[in-house]
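The values are calculated or read from the model by the stated rules, or taken from the named source; none is laboratory data. As the structure is a computational prediction, the values presented were derived from the model and not from experiment. As a convention, Cβ positions derive from the backbone with ideal geometry for all residues, glycine included, and neighbour counts pool all protein chains shown. In case anyone asks, the SASA skips ligands and DNA or RNA and just uses the protein heavy atoms, side chains included. Shrake-Rupley method; radii C 1.70, N 1.55, O 1.52, S 1.80 Å.
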Amino acid sequence: MTARLPSLNGLRAFEAAARHLSFTLAASELNVTQTAISHQIRRLEEELGIRLFIRQNRALALTPEARDYLPGVRAAFNDLRLATDRLLRKDDDKVLTVSTLASLAAKWLLPRLTDFQEQHPGIDVRITTSTSLVDFQRDNVDAAIRYGRGQWPGLRADWLMADELFPVCSPSLLRGDKPLRQPEDLRGYPLLHTSNANSDDWRLWLTAAGLPADIARQPGITFDMIFMTIQAAIDGIGVAMGRTSYVQDDIAKGRLVVPFKIALPADAGFYLVAPEGRREAPKLAAFRQWLVAATQNKA
């Protein structure tokens with residue numbers, strides 16, 4: 001037997017009051033009186049047969065049942081908002097929203113997007129950046145560029161490119177009183193690090209180069225995004241561990257050089273991902289075709 005859904009107004013009042021832990025603030029948000037909020041909450045509690053709030057002298061608290069109920073109610077309202085937004089966006093077939101890492105966007109994707117816009121002037125590309133995986137059920141995103149091994153259930157993953165790891169630096173570091181000529185010379189330079197996903201790159205490369213891994217622990221500078229690490233290398237602050245996709249343009253333009261010939265293959269790569277089973281929009285098909293060609297140096 002299908003359970004009867006409770007009053008939508010009651011659920012809205014509950015979600016707002018639970019978020020603020022205040023009937024007064026919930027009433028202000030929903031543009032109703034505090035009395036109306038109180039009546040709607042009481043009616044919802046009667047419908048459910050469950051007490052939702054513990055009313056104290058100057059405070060409001062959720063019951064254990066309400067704490068369990070709230071995430072589902074909040075998620076349902078969020079789904080309604082997103083669905084309504086998609087319904088009302090008249091230009092949806094012309095807007096392509098792509099999520100990716102901030103560093104990949106800055107160092108690889110954005111410099112190439114002009115070519116896509118010239119080929120497809122009718123598509124409005126919107127780039128969002130995040131370190132979190134996109135939830136295609138909740139986020140208003142058409143596709144994402146992810147780093148990994150291509151195994152994400154329910155998603156189509158198209159291979160784009162792989163990286164190699166190798167040190168990079170400003171050309172100025174190859175000159176001067178202590179020129180950087182061989183890997184052992186790294187002991188005389190600040191090493192530039194990137195935290196989180198790339199935090200182990202220096203140790204892996206040093207081990208592959210036959211050098212003590214503890215060189216990676218010598219005094220240096222750590223950034224939370226790789227494009228900042230690369231910019232510090234361009235500015236001559238120290239030596240960074242580069243990844244192909246992030247440094248190839250700067251190397252081609254002479255802003256960075258590769259002081260050694262030792263490169264370490266990365267164990268994963270970049271993919272364009274989108275939900276399986278959906279009818280694919282022409283805008284996404286066009287972007288996929290262009291992106292795959294771009295990673296093969298055809299665009």
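Structural remarks
- Restricting the search to strands (runs of 3 or more DSSP E) fully inside segment 108-220 and requiring at least 2 residues that are open to solvent by less than 80 Å² (accessible area, probe 1.4 Å) and within 21 Å of ALA281 (Cα to Cα) gives 124-129, 143-148, 155-168.
- Among the candidates ILE41, ILE37, ILE54, the residue that is open to solvent by less than 90 Å² (accessible area, probe 1.4 Å), outside any loop (DSSP other than H, G, I, E, B) and farther than 18 Å from ASN9 by Cβ is uniquely ILE54.
- Under the condition of being crowded, with 16+ Cβ neighbours inside 10 Å and modelled with pLDDT of 90 or more, the residues counted in segment 57-69 number 3.
- In this structure, ARG81 does not qualify as part of a loop (DSSP other than H, G, I, E, B) and surrounded by fewer than 13 Cβ atoms within 10 Å (Cβ to Cβ).
- Hey, THR97 within 29 Å of the chain's Cα centre (by Cα), under 30 Å from ALA281 (Cβ atoms) and outside any helix (DSSP H, G or I) or not: yes
- Among residues of segment 47-68 that are without any contact (Cβ under 8 Å) to a residue 40 or more places away in the chain, those with a Cβ under 8 angstrom from a residue that is part of a loop (DSSP other than H, G, I, E, B) and open to solvent by 60 Å² or more (accessible area, probe 1.4 Å), sequence gap 6+ or separate chain, pair up as ALA59/LEU21; THR63/ILE50; THR63/ARG51; GLU65/ILE50; GLU65/ARG51.
- Screening ALA293, ALA266 for residues that are out of contact with any Cys (no Cβ under 9 Å at 6 or more places or on another chain), closer than 16 Å to LEU104 by Cβ and either at pLDDT 95 or above or open to solvent by 20 Å² or more (accessible area, probe 1.4 Å) (or both) leaves exactly one candidate, ALA266.
- Across segment 15-29, the number of residues qualifying as touching a helix residue (DSSP H, G or I) at 6+ places or on another chain (Cβ under 6 Å) and not small (Gly, Ala, Ser) comes to 5.
- Failed item in (1) in a helix (DSSP H, G or I); (2) open to solvent by 60 Å² or more (accessible area, probe 1.4 Å); (3) not small (Gly, Ala, Ser), with ASP250 passing the rest: (2)
- Applying the condition of being closer than 14 Å to ALA144 by Cβ and in contact with a Lys or Arg (Cβ under 8 Å, 6 or more places away or on another chain) to segment 269-290 and asking which residue is surrounded by the fewest Cβ atoms within 10 Å (Cβ to Cβ) yields GLU276.
- Which numbered condition THR229 fails, given (1) more than 30 Å from LEU291 (Cβ to Cβ); (2) part of a helix (DSSP H, G or I); (3) touching a strand residue (DSSP E or B) at 6+ places or on another chain (Cβ under 9 Å): (1)
- Selected residue (criterion: nearest to LEU70 (Cα to Cα)) from residues of segment 8-22 that are of a type in the set (A, V, I, L, M) and open to solvent by 70 Å² or more (accessible area, probe 1.4 Å): LEU21
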